[in-house]
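The values are calculated or read from the model by the stated rules, or taken from the named source; none is laboratory data. It should be emphasised that the depicted structure is a prediction, and the values quoted were computed from it without experimental measurement. Positions of Cβ are backbone-derived with ideal geometry, glycine not excepted, and every protein chain shown enters the neighbour counts. For the accessible areas, the whole protein counts, side chains as well, though only heavy atoms, and no ligand, DNA or RNA atoms are used. Shrake-Rupley method; radii C 1.70, N 1.55, O 1.52, S 1.80 Å.
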Amino acid sequence: MGRVITITSGKGGVGKTTTTANLGTALALQGGRVAVVDADIGLRNLDVVMGLENRIVYDLVDVVEGRARLRQALIKDKRLPELCLLPAAQTRDKDAVSREQMIDLTAQLRREFDFVLIDSPAGIENGFRNAIAGADEVIIVTTPEVSAVRDADRIIGLVEAAEKGPPNLVVNRIKPRLVNRGEMLSVEDVLELLAITLIGIVPDDESIVTSTNRGEAAVYDHQSQAGRAFLDVARRLRGEDVPFPVLQEQQGVLERFFGIFGRRRS
Amino acid sequence: MGFFENLFGGRRDRSASVAKQRLMMVLVDDRYKLTPETLEQMKVEIAEVLSRYLPPVDAEQIEVKILRGEATDYLKADIPLKRGQPDMG
């Protein structure tokens, strides 16, 4: 039986979809059978981020309403045969799916896959509640900004109230140069405020823009710091003890190279 | 804020520490509906109670934080006690 993991944040635009796409790809690269599910009904996005938008025939709502079987709606990734996408419906609204339907759907998916990653919509309404309904675990994505951290705290409370266990945290878009100057909340600051377990530190990285433009995951780009960070998150999810590398200010090639060997507290 | 700090650019707190302080207040309010005013009132009352048993406690010097633990949150208060007055009351 696979693990169902929901990626959520409260605030929009902090990198939920990018995290889902990269984590899904990373887990599949590391040998897992992975399904990524776009639960943002009406605002379909995971398909374009993964470059699969031209292959959609059926969507999540078609499956839960019985117009398509799950296997017909699942889209195989371009490169990785063990990675599949279940796209959101684009023409329906958030209330097209019920909590029970989401739980049934995740129960079906976990029989076929090792990991089922659910990309949650922003907000704290039904869409979010449906997205965590069938989850075993929750990953919260935040950025080091006051608005995102505040919303993350709210979401943590709701996840704990729903008895989904203590969620894991990904701090996204860290800018080491600003942190060093004391002009951006550090990962330590965010952890002290939110008091949950850290599973990933992802630096702000321009390569995310270019990889998203092309519809390719950043984890394929060996130059991408963010890509490497997502590969690390995947390994930690699988239970490996991966130290958090010291983030380098993006400058010289040499610095980047030596940054790989720098280690923060283990 | 002293002259030298001004001179060397320490005139304003770094924005990250301002953000952290603000967030601490906001999150406590979000979680417990505890406004800064109520928090101050709580400190005054804590000081009153403690001052009955200990040397007088200055409410303004009390630091109260609410920390999130795994299952429960914790209220942590740092309360400075004046030393060297053992024969109170």
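Do we find that A:Leu231 is farther than 23 Å from B:Asp30 by Cβ and within 14 Å of another protein chain (Cβ to nearest Cβ) in this structure?
no
Could you go through the stretch A:2-12 and let me know if any residue there is open to solvent by less than 30 Å² (accessible area, probe 1.4 Å), under 18 Å from the mean Cα position of the chain (by Cα), of a type in the set (Ser, Thr, Tyr) and farther than 19 Å from A:Asp136 by Cβ.
Initial filter on the stretch A:2-12 (open to solvent by less than 30 Å² (accessible area, probe 1.4 Å)): A:2, A:4-10.
Now restrict to residues that are under 18 Å from the mean Cα position of the chain (by Cα): A:2, A:4-10.
Those still in the list that are of a type in the set (Ser, Thr, Tyr) too: A:6, A:8-9.
Then keep just the ones that are farther than 19 Å from A:Asp136 by Cβ; that gives none.
For the stretch A:2-12, residues open to solvent by less than 30 Å² (accessible area, probe 1.4 Å), under 18 Å from the mean Cα position of the chain (by Cα), of a type in the set (Ser, Thr, Tyr) and farther than 19 Å from A:Asp136 by Cβ: absent.
All but one of (1) part of a strand (DSSP E or B); (2) open to solvent by less than 30 Å² (accessible area, probe 1.4 Å) hold for A:Asn130, so report the exception by its number.
(1)
Do you know which of the residues in the stretch B:69-89 that are within 23 Å of A:Thr197 (Cα to Cα) and out of contact with any strand residue (DSSP E or B) (no Cβ under 8 Å at 6 or more places or on another chain) is modelled with the highest pLDDT? Walk me through it before giving the result.
At the first step, the residues of the stretch B:69-89 found to be within 23 Å of A:Thr197 (Cα to Cα) are B:69-76.
In the following step, the residues that additionally are out of contact with any strand residue (DSSP E or B) (no Cβ under 8 Å at 6 or more places or on another chain) were identified as B:69-72.
Values: B:Gly69: 65, B:Glu70: 62, B:Ala71: 66, B:Thr72: 75.
Checked the stretch B:69-89; the qualifying residue modelled with the highest pLDDT is B:Thr72.
Condition check: crowded, with 19+ Cβ neighbours inside 10 Å and under 17 Å from the mean Cα position of the chain (by Cα). Does A:Thr142 satisfy that?
Numbers: crowded, with 19+ Cβ neighbours inside 10 Å: yes; under 17 Å from the mean Cα position of the chain (by Cα): yes.
Here the answer is yes, as A:Thr142 does meet what is asked.
If you scan the stretch A:13-53, which residues turn out to be over 18 Å from A:Ile201 (Cα atoms) and within 11 Å of the chain's Cα centre (by Cα)? Full working, then the answer.
So in the stretch A:13-53, the residues over 18 Å from A:Ile201 (Cα atoms) come out as A:28-53.
Scanning the stretch A:13-53 gives A:Val36, A:Val37, A:Asp38, A:Leu46.
Could you tell me whether B:Lys65 is of a type in the set (D, E, K, R), within 29 Å of A:Ser186 (Cβ to Cβ), open to solvent by less than 50 Å² (accessible area, probe 1.4 Å) and at pLDDT below 95?
Working: of a type in the set (D, E, K, R): yes; within 29 Å of A:Ser186 (Cβ to Cβ): yes; open to solvent by less than 50 Å² (accessible area, probe 1.4 Å): no; at pLDDT below 95: yes.
No: the conditions fail for B:Lys65.
So which residues in the stretch A:169-208 are over 18 Å from the mean Cα position of the chain (by Cα) and at positive phi, if there are any at all?
A:Gly182, A:Ala195
For residues in the stretch A:56-86 being open to solvent by less than 30 Å² (accessible area, probe 1.4 Å) and of a type outside the set (A, V, I, L, M), which is farthest from A:Leu46 (Cα to Cα)?
Filtering the stretch A:56-86 for residues that are open to solvent by less than 30 Å² (accessible area, probe 1.4 Å) and of a type outside the set (A, V, I, L, M), the one farthest from A:Leu46 (Cα to Cα) comes out as A:Asp62.
Is it true that A:Ala135 is out of contact with any Ser or Thr (no Cβ under 9 Å at 6 or more places or on another chain) and of a type in the set (Gly, Ala, Ser)? Show your work before the answer.
Numbers: out of contact with any Ser or Thr (no Cβ under 9 Å at 6 or more places or on another chain): no; of a type in the set (Gly, Ala, Ser): yes.
So A:Ala135 does not fit the description; no.
Can you find, within the stretch A:162-182, the residue that is least open to solvent (accessible area, probe 1.4 Å) among those that are basic (Lys, Arg) and more than 10 Å from every other protein chain (Cβ to nearest Cβ)?
The initial filter retains those residues of the stretch A:162-182 that are basic (Lys, Arg), namely A:164, A:173, A:175, A:177, A:181.
With the extra rule that they be more than 10 Å from every other protein chain (Cβ to nearest Cβ), the set shrinks to A:164, A:173, A:175, A:177.
Details: A:Lys164: 39, A:Arg173: 89, A:Lys175: 87, A:Arg177: 130 Å².
For the stretch A:162-182, the residue satisfying everything is A:Lys164.
Of the conditions (1) open to solvent by less than 30 Å² (accessible area, probe 1.4 Å); (2) within 17 Å of A:Phe230 (Cα to Cα), A:Val159 fails just one. Which one is it?
(2)
For the stretch A:183-195, what are the residues that are open to solvent by less than 20 Å² (accessible area, probe 1.4 Å) and either β-branched (Val, Ile, Thr) or farther than 20 Å from A:Val233 by Cβ (or both)?
Within the stretch A:183-195, A:Val187, A:Val190, A:Leu193 qualify.
Which of the residues spanning the stretch B:33-62 are in a loop (DSSP other than H, G, I, E, B), free of Cβ contacts under 8 Å to residues at least 12 places away in the same chain and either touching a strand residue (DSSP E or B) at 6+ places or on another chain (Cβ under 6 Å) or open to solvent by 60 Å² or more (accessible area, probe 1.4 Å) (or both)?
B:Lys33
Could you please tell me which pairs satisfy a Cβ distance under 6 Å, a separation of 6+ or placement on different chains, a first residue in the stretch A:234-245 that is within 17 Å of A:Gly2 (Cα to Cα), and a second residue that is open to solvent by 40 Å² or more (accessible area, probe 1.4 Å)?
Every condition considered, the pairs that remain are A:Ala234/A:Gln30.
Across the stretch B:12-21, what is the number of residues that are within 16 Å of the chain's Cα centre (by Cα) and surrounded by 13 or more Cβ atoms within 10 Å (Cβ to Cβ)? Outline the logic, then answer.
In the first step, residues of the stretch B:12-21 are kept if they are within 16 Å of the chain's Cα centre (by Cα); the result is B:17-18, B:20-21.
Next cut, surrounded by 13 or more Cβ atoms within 10 Å (Cβ to Cβ) only: B:17-18, B:20.
Looking only at that region, the number is 3.
Of all residues in the stretch A:96-123, which are touching a helix residue (DSSP H, G or I) at 6+ places or on another chain (Cβ under 7 Å), crowded, with 18+ Cβ neighbours inside 10 Å and among the β-branched types (Val, Ile, Thr)?
If the condition is that a residue be touching a helix residue (DSSP H, G or I) at 6+ places or on another chain (Cβ under 7 Å), crowded, with 18+ Cβ neighbours inside 10 Å and among the β-branched types (Val, Ile, Thr), then A:Val97, A:Val116, A:Ile118 are the ones that fit.
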